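Since the structure comes first, as structure tokens, the remarks are kept for the end.
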Amino acid sequence: MSDLTLIIIAALASGILSGIAGYLIKLIIDQKSQLASKNAINQQINMAQERSQEILIEAKEESLQIRLESEKEINNQKNNLSQEKNNLESVKQEVNDKLKFIDKENKKISDQLKFINNQKSELKENREIYAKKIEEASDITLEEAKEILLKEAQEDIEHNVAKKYRIAEEELEKKVEDHAKNVIAEAIQRFASEVVGEETVQAISIPNEEMKGRLIGRDGRNIRAIEKTTGVDLIVDESPDSVTVSCFDPIRRQVAINLLKDLIKDGRIHPARIESLTKKVQGEINKTIKKAGEDATFDSNVKGLPSEIIEIVGRLKYRYSYGENVLQHSVEVANFSALMAEEIGADVKVCRTGGFLHDIGKAMTHEIEGPHAEIGAQLASKYEIDSKIVTTIREHHDSEFTTTESFIVAAADAISASRPGARRDSAEAYVKRLKDIEEIALGFEGVDKCFAIEAGRELRVLVDPVIVDDDETSILAKNIVEKIESSLNYPGQIKVIVIRESRSIETAQ
């Protein structure tokens with residue numbers, strides 16, 4: 001063989017060997033790679049198995065915990081049910097005990113009723129026996145005895161009536177004379193006036209919502225300015241077409257009302273305008289007060305008063321007492337006092353002026369401490385009013401009077417205030433009187449219900465027929481009348497009617 005052939009064969013052999021070596025190396029590498037992958041997979045499987053074991057353990061623990069909690073809850077419910085069962089048993093036992101007690105009480109009541117019925121039967125029999133014995137001993141029948149008793153009772157009643165008439169006549173002779181009654185009646189008939197009520201709040205109509213918004217102002221500045229300058233409270237949210245003015249001082253309230261009306265009419269609403277208009281309105285109110293005082297003095301025919309006093313009296317135009325206008329009340333009292341003074345020959349000028357000024361202290365009560373009668377007397381003394389007039393002012397609420405004129409002014413004040421509708425407390429006094437009448441009747445044994453009717457002129461009393469019999473009803477009526485006469489002051493008469501109703505009720509089954 002030639003050298004070339006040997007070289008070629010050697011090269012081929014070398015290539016074959018290289019390929020075989022590469023294949024073997026690749027095979028080895030692939031086997032290692034497969035082995036590594038297998039190991040990794042085995043490792044993951046092992047980890048998965050370990051994790052599954054852990055999950056299985058955790059699941060077992062959780063299921064065990066749930067089971068324990070469920071068993072605990074079931075035990076609690078069992079305990080609760082057992083407790084409720086015990087409670088129900090206890091309640092059942094209590095109900096049974098009460099039923100037994102009620103049965104015992106019913107039996108006792110039945111026994112007592114039987115005993116009472118037996119006693120009534122025995123009493124009736126005894127009364128019949130005693131009546132027969134009395135008839136045998138006295139030689140008169142029971143009917144004749146009743147007639148004698150009724151005659152004596154009638155004589156007793158007639159005597160009591162005559163006695164009461166005599167007492168009434170003596171009281172009239174001592175305290176009330178016919179002439180004085182005629183004077184009061186004449187004064188009331190010759191003078192009449194309207195009754196005026198007062199409210200502490202008043203609504204002002206607003207033409208539209210735009211005007212309300214302008215009254216309120218930006219961030220409420222106009223409302224605040226009005227409240228600050230007038231001293232009132234404004235309520236703007238309650239009604240869509242009005243603004244409510246609230247204030248206990250009637251003069252401030254009137255200033256605010258007039259101010260709002262002027263602002264709505266003018267249309268220019270801002271704090272500076274509000275302040276200037278407030279001063280203007282206050283000046284107008286002061287003029288109104290002065291004119292009201294002058295008109296009142298003219299209506300009362302009072303002369304010679306200082307202008308300062310007249311202006312103070314004018315303030316009473318905006319003052320109210322128990323819903324009654326004080327200035328109107330003062331004019332009434334002045335005229336009543338003068339009319340009564342003319343009839344009995346007292347000093348007419350003192351009575352007229354004293355009646356006109358008797359409540360002047362109410363115009364200053366918020367400024368000076370003390371009762372309004374004393375304040376008015378001090379104010380009158382300050383302006384050198386006649387001392388007799390000052391005395392009538394000071395004493396118009398007293399129970400003892402030092403002069404006839406003081407008594408006349410006090411009487412005129414009471415007459416004016418007691419007119420129907422003049423003061424709001426009349427209804428309260430009326431209701432209280434009815435309640436007092438009913439309470440007196442309820443205080444007697446055997447009275448079940450009572451009703452004061454006919455404006456308190458009649459009292460109907462319903463009695464328990466078991467406690468009060470027919471014979472005792474007349475005695476009860478008389479006792480109630482005596483109690484009312486000794487305990488209450490009331491106009492006219494009160495008729496007392498005692499009603500006894502007996503019912504027998506049975507049920508068919």
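Of the residues R273, R315, which single one is closer than 23 Å to M364 by Cα and of a type in the set (K, R)?
R315
Could you please find all residues in region 378-390 being of a type in the set (V, I, T) and crowded, with 23+ Cβ neighbours inside 10 Å? It would help to see each step written out before you state the result.
Step one: of region 378-390, the residues of a type in the set (V, I, T) are 385, 389-390.
Scanning region 378-390 gives a single hit, I389.
Sort out which residues of region 391-417 are crowded, with 17+ Cβ neighbours inside 10 Å and acidic (D, E), and write them in order of number.
If the condition is that a residue be crowded, with 17+ Cβ neighbours inside 10 Å and acidic (D, E), then E395, E405, D413 are the ones that fit.
Could you tell me how many of the residues in region 297-324 are within 38 Å of the chain's Cα centre (by Cα) and among the small types (G, A, S)?
Filtering region 297-324 down to residues within 38 Å of the chain's Cα centre (by Cα) leaves 312-324.
In the following step, the residues that additionally are among the small types (G, A, S) were identified as 314, 321, 323.
Qualifying residue count, region 297-324: 3.
In the list A346, A380, which residue meets the criterion of being touching a helix residue (DSSP H, G or I) at 6+ places or on another chain (Cβ under 7 Å), farther than 20 Å from I251 by Cβ, in contact (Cβ under 8 Å) with a residue 24 or more places away in the chain and part of a loop (DSSP other than H, G, I, E, B)? Let's see the steps before the verdict.
Details: A380 fails: part of a loop (DSSP other than H, G, I, E, B).
Exactly one residue qualifies, and that residue is A346.
Might you check whether a residue that is modelled with pLDDT under 85, loosely packed, with under 12 Cβ neighbours inside 10 Å, part of a helix (DSSP H, G or I) and touching a Leu at 6+ places or on another chain (Cβ under 9 Å) occurs anywhere in region 450-463? Steps first, please.
Step one: of region 450-463, the residues modelled with pLDDT under 85 are 453-457.
Going one step further and asking which of them are loosely packed, with under 12 Cβ neighbours inside 10 Å, we end up with 454-455.
Now restrict to residues that are part of a helix (DSSP H, G or I): 454-455.
After this cut, where a residue has to be touching a Leu at 6+ places or on another chain (Cβ under 9 Å) as well, the list is 455.
For region 450-463, residues modelled with pLDDT under 85, loosely packed, with under 12 Cβ neighbours inside 10 Å, part of a helix (DSSP H, G or I) and touching a Leu at 6+ places or on another chain (Cβ under 9 Å): present.
Restricting the search to region 473-489, which residues are over 38 Å from the mean Cα position of the chain (by Cα) and crowded, with 16+ Cβ neighbours inside 10 Å? Reasoning before the result, please.
Narrowing region 473-489 to residues over 38 Å from the mean Cα position of the chain (by Cα): 473-475.
Of everything in region 473-489, just one residue is over 38 Å from the mean Cα position of the chain (by Cα) and crowded, with 16+ Cβ neighbours inside 10 Å, namely T473.
The values are calculated or read from the model by the stated rules, or taken from the named source; none is laboratory data. Bear in mind the structure is a predicted one, so any value in this text is a computation, not a measurement. Note that we place each Cβ from the backbone using ideal geometry, even for glycine, and neighbour counts take in every protein chain shown.
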